[in-house]
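A.B. asks: I am attaching a structure below and will ask some questions about it afterwards.
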Amino acid sequence: MFRSIRWRFILIYFLLVFLAMAIVGFFIIDNLEKIQLDNITKSMRSHITSIIASSSYLQEDDWHDYTEEIRTSVRENIQIGYNENLYIILNNEDLEIIGSTIDNVVDKNPYDVKRVNNFLLEEALLGEISETIPPEEYDGIQSKVKHMAYPVKNQQGDITGIIYLTYSLESVYETVDNSKVMLTRATILALIITIIIGFFIATSITKPIKDVTLKAKEMSRGNFDQFVDVKSTDEIGQLGMMFNYLTKELKNRISELSQEKSKIETTFNYMADGVITIDLKGKIIHANPVSKNILNIDNTNIDVGDKLISKLSPDLSLETIEKNSWMGDKKVEIKGSIYNINYAPYKNDKGEVGGVIYVMQDITEQQKLEDMRKEFIANVSHELKTPITTIKSYSETLLSGALDYKETTKEFVGIIDAETDRMSRLVQDLLKLSRMEYNEESWKKSLVNPGEILESVYKKLRIRANEKNQRIRTNIEKNTNKVLFDKEGLEQILQNIIANSIKYTKRNGEINIRCFNKEENIVILVEDNGIGIPKEDMSRIFERFYRVDKARSRDMGGTGLGLAIAKHIADDHKSKIEINSQVNVGTQVKITIPAAEIDSGDEYEDREV
Ligand code: ADP
């Protein structure tokens, strides 16, 4: 109970009032007693002197002669209070009580009377007026009594006797005791009032403090809408104002912080890279969805983050990082994708390293492009190397004397010319591809009739087919729908595909070319009964420089770029090229182009060469 400030206030007030009342009471009672005793002493003295003055025989030298008068006087004339006792003591050779208000002590030696203080008698015999309050007990009743011994001298200055007066102080101590009781009651009343007033004062002080405490408690639970009523401008009021200001500031700061946190969290959650943070014990502190997916993180393996990372590469384990350097990067392969993992330490609130942040960037595409670039350079170098070597060796042979032989010269120059043609074709194809890839090829798209273009390409190429004694059959719908296409682009596609059929079909082979409307598309089919393409190569034939049989393709003047170019053009015109093939049976190439204008073209023109 006394741990509460309210009760402490009350206790302090209580103790202060109690102490003040006790001190004041003590002084009052003490002084009251002293004053009363002083008054009694004075009145005893004046009483004794008035007795001496009013009794002429007490001025005589020998009181013995007046014994009777003295006794009568004591009994009848002298005024003695009910609480007083008088002893008239004669000083002869011996002391003798010759008159007293107490009968049974008369004629006795006062030294033998218990009620008379011997010490005072001695003092009086020496001529001193002496007094005392002895701690005496008479007749079993304890009562304080004031004693006074007054020596009476004759004209020669001899002590003729002693007037001994006692005064019962019972009434004095009764008064003192009454005063004590009164003061005690007053003190109790004052203390009760103090407790009541103290309670209200303490409550008025502690209530606002309690209010602030309660609101602070609410705030600690995350509810920051806490304001206290400020009713004064004193220290408590200032505390309330400060609390309200603090709450407002805190609310603003927390809102700023949570906004920042939310921004960072959103960034983490939606970023394409995986981010994972682990502490020095290897426990995962944060992992965004991408990293969770990459490392299969769930609630079961949250404590073994370091293990998961070390599995990717021992170089990424906390132990190795700590030994080598806290910062770095490492390329690793995870589930068929390549990731570049960057890591760096983060500091805790003491400024020490608290753990490591890993950022996992998927660089599979980048890596693929890089590999493709390398492969491309290797392919181009290789493609150019062969004709250059051939040209070089033939020209060297010519220069070393073969020039003298006309026939040989003609043959060699012919070969050099063919190789140069091949190089030129290669370079041209490469230029075409690169222009297309860098979007430099601006397609001049217009409405063209695919049948007509097919017709013109076929006418250009049929000579080659004739040379190989191949039979080409065309079946082209007369009024095929038009397509929105770059004319030269479409020519290029058809030329590459038909040329391939001629190239990869043996002498006397057959090639069928068809063109027709199909739903909202135009379909061009080029079929041959040539050598076909093995199944395992099918997925790669659109790649640049990919050839099923390199030597044969090269011999036939192929660059390995024809289909790549055709596909590129088709893609740029939302068209499709599909190839079906069977080794030694034949190949079918299907080109599907979306029609620009739908027309009913059911007239066919069949031809055969
Ligand atoms: P190339 O210049 O070598 O002909 P392409 O890109 O045009 O290059 O063709 C790629 C490869 O696909 C060829 O080398 C060839 O092996 C194969 N190919 C293409 N068309 C046919 C076809 N009609 N018959 C058999 N093989 C073909």
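A.B. asks: With r defined as the distance between the Cβ atoms of K307 and F227 and R0 fixed at 60 Å, what FRET efficiency is calculated, to the nearest 0.05?
C.D. replies: Result of the calculation: an efficiency of 0.75.
A.B. asks: Ignoring ligands and nucleic acids, what accessible area does I192 show with a 1.4 Å probe (Å², nearest 10)?
C.D. replies: I192 exposes around 90 Å² with every protein chain in place.
A.B. asks: How large are Rg and Dmax for segment 6-174 when calculated on the C-alpha trace, in angstrom?
C.D. replies: 21.2, 82
A.B. asks: With the cut-off at 18 Å, report for segment 192-265 the share of all Cα pairs above it, as a whole percent.
C.D. replies: The share of Cα pairs beyond 18 Å in segment 192-265 comes to 52 percent.
A.B. asks: Have a look at I97, V116, N77 and report the one farthest towards the positive end of the charge dipole of segment 65-116, computed about the Cα centre with Cβ charges (Lys/Arg +1, Asp/Glu -1).
C.D. replies: Working it through, the farthest residue towards the positive pole turns out to be V116.
A.B. asks: While we're looking at this one, here's another question. Calculate the dipole size of segment 271-362 relative to its Cα centre from +1 charges on Lys and Arg beta carbons and -1 charges on Asp and Glu beta carbons; express the result in debye to the nearest 20.
C.D. replies: Around 80 debye, computed over segment 271-362.
A.B. asks: Something else about it: With a 1.4 Å probe and every protein chain left in place, tell me how much accessible area D315 has, in Å² to the nearest 10.
C.D. replies: Spelled out: D315, probe radius 1.4 Å, area about 70 Å².
A.B. asks: Could you work out how much longer the chain between T300 and A22 gets when fully extended? Use 0.36 nm per residue separation minus the Cα distance between them, nm to one decimal.
C.D. replies: In short, 92.7 nm is gained.
A.B. asks: Continuing with the same structure: A 26 angstrom limit on the alpha carbon distance is what I want to check against. Which of K248/K350; K368/K518; K263/K335; K460/K590 exceed it?
C.D. replies: Where the Cα-Cα span goes over 26 Å, the pairs concerned are K248/K350; K368/K518; K263/K335.
A.B. asks: Across 10 Å bins from 0, what is the distribution of all Cα-Cα pair distances for segment 516-558, in whole percents?
C.D. replies: 22, 40, 27, 12, 0
A.B. asks: Looking at segment 431-501 from every direction and averaging, what is the projected area of its Cα convex hull in nm²?
C.D. replies: Taking a quarter of the hull surface, the average projection is 5.5 nm².
A.B. asks: Oh, and also: At what distance in angstrom do the alpha carbon centres of segment 299-336 and segment 498-527 lie from each other?
C.D. replies: So the two Cα centres are separated by 56 Å.
A.B. asks: For the chain, with the dipole built from +1 on Lys and Arg beta-carbon atoms and -1 on Asp and Glu ones, taken about the Cα centre, which of V228, L426, I294 lies farthest toward the positive end?
C.D. replies: The Cα lying farthest towards the positive end belongs to L426.
A.B. asks: Treating the Cα atoms of segment 396-450 as identical point scatterers in vacuum, please give the log10 of the normalised Debye intensity I(q)/I(0) at q = 0.14, 0.23, 0.27, 0.28 Å⁻¹, two decimals.
C.D. replies: Normalising to I(0) and taking log10 leaves -0.60, -0.89, -0.98, -0.99.
A.B. asks: By how many nm would the segment from Y82 to S446 grow when fully extended, if each residue of separation counts as 0.36 nm and the alpha-carbon distance is taken off?
C.D. replies: 115.8 nm
A.B. asks: Using DSSP, restrict attention to beta bridges with both residues in the chain and report what percent are antiparallel, rounded to the nearest 5.
C.D. replies: 95
A.B. asks: Test of understanding: what is the full-extension gain from R540 to N269, defined as 0.36 nm times their sequence separation minus their Cα-Cα distance?
C.D. replies: Full extension from R540 to N269 adds 93.8 nm.
A.B. asks: With every protein chain left in place, what is the accessible area per residue of segment 445-608 in square angstrom, probe 1.4 Å?
C.D. replies: 49
A.B. asks: How big is the Rg/Rh ratio for segment 367-437, C-alpha atoms only, Rh by Kirkwood, two decimals?
C.D. replies: Rg/Rh: 1.17.
A.B. asks: Quantify, in whole percent, the carbon and sulfur part of the accessible surface of the chain (1.4 Å probe; protein heavy atoms only).
C.D. replies: Answer for the chain: carbon and sulfur cover 53 percent of the accessible area.
A.B. asks: Can you give me the convex hull volume of the Cα atoms of the chain, divided per residue and expressed in Å³?
C.D. replies: Spelled out: Cα convex hull of the chain, divided by residues, is 374 Å³.
A.B. asks: Still on this structure, I have one more. Run a plain Debye calculation on segment 271-362 (Cα atoms as equal point scatterers, no solvent) and give log10 I(q)/I(0) at q = 0.10, 0.12, 0.19, 0.22 Å⁻¹, rounded to two decimals, same order as the q list.
C.D. replies: -0.22, -0.31, -0.82, -1.11
The values are calculated or read from the model by the stated rules, or taken from the named source; none is laboratory data. These figures come from a predicted structure and were not determined experimentally. Using ideal geometry, Cβ is built from the backbone for each residue, glycine included, and neighbour counts are taken over all protein chains shown. All accessible areas refer to the heavy atoms of the entire protein, side chains included, with ligands and DNA or RNA removed. Shrake-Rupley method; radii C 1.70, N 1.55, O 1.52, S 1.80 Å.
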